[in-house]
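The values are calculated or read from the model by the stated rules, or taken from the named source; none is laboratory data. Predicted, not measured: the structure shown is a model, and the values here were computed from it. Methodologically, a virtual Cβ is constructed for each residue, glycine included, from the backbone with ideal geometry; neighbour enumeration extends over all protein chains shown.
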């Protein structure tokens, strides 16, 4: 049972998945530290340093069995988390104690582990991102030909389709996927660099043999499952990497924010709704309400993520010379919480996109209220083809449009422009063809074709590449 007497982070208790929370846990971090120490010891032994197989075996025996009580006791004594865990590990593996952390600085374990945790978190984000894309792909294809009012400046504009609008959301996610994939390609470990990045301690250990120092780093990085390493560092990996990470997370949040706002507006118009469960309550007072809670939460979390890149920019720009420690406490908070928030955002995105409800009759009603105004040029052109005078027709349509607009705005009536046109002898030539002219499908341009072309050329190849990741749904916990 949760301790309700102290603050509890809602990203953990309400929003993010357990998998993402576990990835940023202390247990994950400290296990990685031990794995790094073992990799270092193995590579040092392979390259001729006095490290024995028995010592490495003893370390491996306790790689997952972390004695947290000992570590906490040592940290109270030494006020240094890495050295506390070195001592705790040495207590469990006394034969290995003399060689644990040999030649390394704290950032050997802290920074390499942080990059690995971030890299794993990016994998989790990528999985949910491509699944969100998959949900929108299905939605866009299903509704590619369903006409709907387009809006510019939030005012009715030429028609589009429900599916075409969904491709705008999908296009945003496609750009995010590109940014995320590029970021993944640039992930590098800090490697084995020593206290100020010069590898001086390792050069000393290997008696001045620089080639062995380079090989040590290559082997340690490979043992951790990586090939890329920063060519130069100070004591830490470059903090600009954190900024790049938060920028990509911000991009995803931006896309989700836009999607959530559009769904909220569409739900206001009763055209499209996010899922609403049978027992869900929209308001404690107004029992009839169906509030877009999921979309609102998505926007709320996205707003938080949007604010974070500037924090990382300040951190990256204030790293004095080879390092300063004013990044540490900040990073403990910002990086993990950014990922937890984006994880929660994508959970919501998946849930909403998979369960959107479309009310086609309401959409048709809204089209009927506006299409007569948009169709006037088509009507005029048909009359010109039948021998009418374009200038006279234009003036008459303008007059009738003003009348119809007054009926709608001043009297609250339905748009009767088409009835006014039908009753005017100047338009007798098209009177019997007006219903065909007013078919909404005549006003959606290449929307349906654009949807198919975009999905086939750009989205399908991405999702085929990640086919093994698809099939996931989003869970809304509360």
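Just wondering, is there one or more residues in the range 381-394 that are in contact with a strand residue (DSSP E or B) (Cβ under 9 Å, 6 or more places away or on another chain), surrounded by 12 or more Cβ atoms within 10 Å (Cβ to Cβ) and assigned to a helix (DSSP H, G or I)?
Checked the range 381-394: no residue is in contact with a strand residue (DSSP E or B) (Cβ under 9 Å, 6 or more places away or on another chain), surrounded by 12 or more Cβ atoms within 10 Å (Cβ to Cβ) and assigned to a helix (DSSP H, G or I).
Suppose we keep only residues that are in a helix (DSSP H, G or I) and under 14 Å from residue 438 (Cβ atoms) within the range 405-419. Which one would you say is farthest from the chain's Cα centre (by Cα)?
Checking each candidate, the answer is 419.
Within the range 426-478, considering only helices (runs of 4 or more DSSP H) that don't extend past its boundaries, which have at least 3 residues that are closer than 18 Å to residue 181 by Cα? Let's see the steps before the verdict.
Values: elements: 434-437, 447-454, 460-465.
Correct list: 460-465.
Which pairs turn up if I take residues in the range 155-178 that are without any contact (Cβ under 8 Å) to a residue 12 or more places away in the chain and look for partners that are buried (at least 23 other Cβ atoms within 10 Å of the Cβ) with beta carbon separation below 8 Å, at least 6 apart in sequence or on another chain?
none
Looking at (1) more than 30 Å from residue 164 (Cα to Cα); (2) touching a residue at least 60 places away in the same chain (Cβ under 8 Å); (3) not in a loop (DSSP other than H, G, I, E, B), find the lone condition where residue 222 falls short.
Answer for residue 222: the failing condition is (2).
Is the range 145-154 home to any residue that is crowded, with 23+ Cβ neighbours inside 10 Å and within 20 Å of residue 364 (Cβ to Cβ)?
The answer is yes; a qualifying residue exists.
Determine whether residue 419 is surrounded by fewer than 19 Cβ atoms within 10 Å (Cβ to Cβ), out of contact with any helix residue (DSSP H, G or I) (no Cβ under 7 Å at 6 or more places or on another chain), modelled with pLDDT of 90 or more and farther than 22 Å from residue 151 by Cα.
no
What about residue 182, is it over 30 Å from residue 118 (Cβ atoms) and surrounded by fewer than 20 Cβ atoms within 10 Å (Cβ to Cβ)?
Working: over 30 Å from residue 118 (Cβ atoms): no; surrounded by fewer than 20 Cβ atoms within 10 Å (Cβ to Cβ): yes.
For residue 182, the condition - over 30 Å from residue 118 (Cβ atoms) and surrounded by fewer than 20 Cβ atoms within 10 Å (Cβ to Cβ) - is not met.
Just to be sure I understand the filter: pairs with C-beta atoms under 9 Å, separated by 6 or more residues or on different chains, first member in the range 296-309 and modelled with pLDDT of 95 or more, second member not in a helix (DSSP H, G or I). Which pairs pass?
Once the first residue is modelled with pLDDT of 95 or more and sits in the range 296-309, its partners that are not in a helix (DSSP H, G or I) give 297/476.
When residue 234 is evaluated against the numbered criteria (1) surrounded by fewer than 18 Cβ atoms within 10 Å (Cβ to Cβ); (2) over 21 Å from the mean Cα position of the chain (by Cα), which criterion, by number, is the only one it fails?
(1)
Of the conditions (1) under 25 Å from residue 232 (Cα atoms); (2) touching a strand residue (DSSP E or B) at 6+ places or on another chain (Cβ under 8 Å), residue 292 fails just one. Which one is it?
The single condition residue 292 does not satisfy is (1).
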